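What follows is a short report on a single structure.
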Amino acid sequence: MIENQVVIIGAGISGLKAASELYKRGVKSCTILEARDRVGGRLHTVSGYQNRRYDLGASWHHDTLVNGLFLEELNLSDDQRASFVFDDDSLVIFDAEKGRVDQDPGMVLEILLEELLNYSELHFFEDLGVQDLNYFQMVVKYLYERRGLLTDDQMRYLPQVARCMELWHGIDWKSQSSKCLEIAHQGRNALVLNYDKIVHRIASEIPEGWLQISTEVKEVRDDGKNVFVTTSKGETISCEYVIVTVPQSILAHSLQPEPRVGRIEFVPPLNAKIENAFQKTHYGALGKVVFEFDECCWSTQRSHILSLGKSSSNLSKKVRAAQDVTLLMKELDADTKYEFQSGDSWDFPLLFVNMAKLTDVPSFVMLMPNPLTKYIESIRDKDKLLEFFQPVLENLLKTLGCTEPIIKDFEDKLVTPNKKTPVLKNILTTSWTVDDYALGSYSSCEPGDDPMDLVLALSDNQTSRVRFAGEHTIMDGAGCVYGAWQSGKREASFIADKLA
Ligand SMILES: Cc1cc2nc3c(=O)[nH]c(=O)nc-3n(C[C@H](O)[C@H](O)[C@H](O)COP(=O)(O)OP(=O)(O)OC[C@H]3O[C@@H](n4cnc5c(N)ncnc54)[C@H](O)[C@@H]3O)c2cc1C
């Protein structure tokens, strides 16, 4: 039996930050047990064509006015910190039939979106007991009540523009709680280039002997005096404190009896408060696809381009004729069902980040919501991926002024015929939904959920010795890198005080 003061389960940003803080505070013995063969967790920088670098996990520092990690980075010298670029920009918005819809002064879709989000917020503000609706239903309610004030085009395109929120929450509008929709941004967003620099900086602050990768934790046993952590290699470490940082999706399996990869058996089992809180929280699946071209043959004026899901010209007629909003919701719900078998990429909102503008790299990083993420992450074949996205990709390039058809060259055999031809060299995709140690992207809320419950239950901890950190255990920065980082700091500080 190995004896330690502290064991940390997981070497994502929360676990690494906790370890670095414990070391700074004089803790002498700590082990970080990480199941994967790498550190960083949902921060994962990979190399693509010609060694171009992309983040397949988090990409941005959000809320840069209050983001503790960002502020820590600002205090470092240029060579110590990861570079970043503020990339907030108004959206270029296009759809399959009409092309660009953001330039039409008669539509003002982004202003209407703001009003719609405001409308949703006011709806719940009226009374604490107001029943939650899914976001799709909220959009229909808004259209119905404001139909006298909206043009047919506004009615047609606003719902699809409103779906850009799916790319924040990682779930589709019919699964998204309207009550938990609002995101109060605290400052601009900065695209990080790249997150591995931050991960390795924090990891380098930890003594080498503390970290054990490729070591999955199987059991956490608390006998009231000590905690015993057992790994898949059969090793048991006894400690005074343990910090569990595994994602919410993995922790949820500890409440189910079935064994599975990543699952941790808690003895005694997770307490009732934690168990109940899991009834009121869900998990999203934001995904990414990177399209790498040989040369940039499109406009680099704007950094973010939103491709809309398809809309129906009949929608405004139906809204205007409706007598009852609940029936209208049902009718429009049936009209907007989708199937993946059709191979149609026009069913979802997709956000393209124009890397050529931000970093001079001729690629697009595309963000997609669930359930599309699950479907795409199950396809590994690049030709099939291209087949699925080609219609939307051709349209994106056309929108940005490149009219020639895409030439595929995954074998890297062609010499680019001229600077106007888009030659696609490679496609990269995320695999978070099929990754046993992630099972998705981050916490999200379905109708009726209350994210506070899980945060309160986990920050109250299992016992004072079995503690939790991670993006799902904190309200400020919930779901974000900086929230996870802060939660690691919080737990380390508690333990260091106690040990002192
Ligand atoms: C596609 C995507 C895009 C995102 N975009 C952003 C963004 O732009 N900005 C932002 O702020 N946030 C973003 N996020 C969220 C952000 O990445 C996470 O909030 C943050 O990285 C979570 O850190 P963590 O330490 O809580 O968890 P993790 O990074 O998941 O760390 C937990 C660790 O526990 C390990 N583990 C799991 N089970 C076991 C076990 N049984 N034994 C041992 N180890 C185990 C895992 O391997 C992992 O390394 C994004 C996430 C995704 C997936």
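At a glance:
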read-out: Tensor-based shape of segment 1-80 (alpha-carbon gyration tensor, a/c under 1.5 rounded, otherwise prolate or oblate); value: oblate
read-out: Summed side-chain charge close to N226 - residues other than N226 whose Cβ falls under 12 Å, Lys, Arg +1, Asp, Glu -1; value: -1
read-out: Area accessible to solvent at S83, 1.4 Å probe radius, in Å²; value: 70
read-out: Phi-based couplings in Hz for segment 400-408 (Karplus 6.51, -1.76, 1.60; Gly and Pro marked x); value: 9, x, 10, 9, 7, x, 6, 9, 8
read-out: Built amide H within the under 5 Å cut-off of G12, gap 5+; value: G40
read-out: Relative pair counts by distance (%), Cα atoms of segment 376-415, 5 Å bins; value: 6, 20, 24, 21, 20, 8, 1
read-out: Most to least accessible of W168, W298 (protein chains only, probe 1.4 Å); value: W168, W298
read-out: Surface per residue (accessible, 1.4 Å probe) for segment 5-64, Å²; value: 31
read-out: Nearest-10 value in Å² for the accessible area of H44, using the 1.4 Å probe; value: 50
read-out: K141, K225, ranked by accessible area, largest first (probe 1.4 Å); value: K225, K141
read-out: Cα centroid separation, segment 204-225 to segment 139-165 (Å); value: 51
read-out: Rounded to the nearest 20 debye, dipole of the chain from Cβ charges on Lys, Arg, Asp, Glu; value: 460
read-out: Percent RCO, i.e. relative contact order, over the chain, from Cα pairs under 8 Å lying at least 6 residues apart; value: 25
read-out: Anisotropy class of segment 55-146 from Cα gyration tensor, a/c 1.5 cut; value: oblate
read-out: Antiparallel bridge percentage (DSSP; both residues within the chain; nearest 5); value: 65
read-out: Point-charge dipole on Cβ atoms (K/R +1, D/E -1) for segment 76-214, about Cα centre, debye to 20; value: 240
read-out: Filter on K197/K384; K310/K425; K197/K408; K273/K498; K24/K357; K273/K489 - keep pairs with C-alpha separation over 30 Å; value: K197/K384; K197/K408; K24/K357
read-out: Accessible area in square angstrom per residue, segment 400-500, 1.4 angstrom probe; value: 42
read-out: Accessible surface, segment 79-206, averaged per residue in Å² (probe 1.4 Å); value: 45
read-out: Surface share of carbon and sulfur [accessible, 1.4 angstrom probe, percent] for segment 293-434; value: 50
read-out: Accessible surface of segment 69-184, 1.4 Å probe, proportion on carbon and sulfur as whole %; value: 50
read-out: Accessible surface of segment 439-500, 1.4 Å probe, proportion on carbon and sulfur as whole %; value: 50
read-out: Karplus (6.51, -1.76, 1.60) ³J(HN,Hα), θ = phi - 60°, over segment 429-443, in Hz, Gly and Pro reported as x; value: 10, 7, 9, 5, 6, 9, 8, 4, 9, 10, 6, x, 10, 6, 4
read-out: Descending Cα extents along the principal axes, the chain, whole Å; value: 69, 61, 42
read-out: Segment 149-256, relative contact order [Cα under 8 Å, separation at least 6], %; value: 10
read-out: Convex hull of segment 382-500 built on C-alpha atoms - directionally averaged projected area, nm²; value: 12.8
read-out: Counting all C-alpha pairs of segment 154-257, share separated by more than 19 Å (%); value: 70
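The values are calculated or read from the model by the stated rules, or taken from the named source; none is laboratory data. This structure is a prediction, so every number in the text was calculated from the model and none was measured. Glycine also receives a Cβ, built like all others from the backbone with ideal geometry; neighbour counts cover every protein chain displayed. Accessible surface areas use protein heavy atoms only, side chains included; no ligands, DNA or RNA. Shrake-Rupley method; radii C 1.70, N 1.55, O 1.52, S 1.80 Å.
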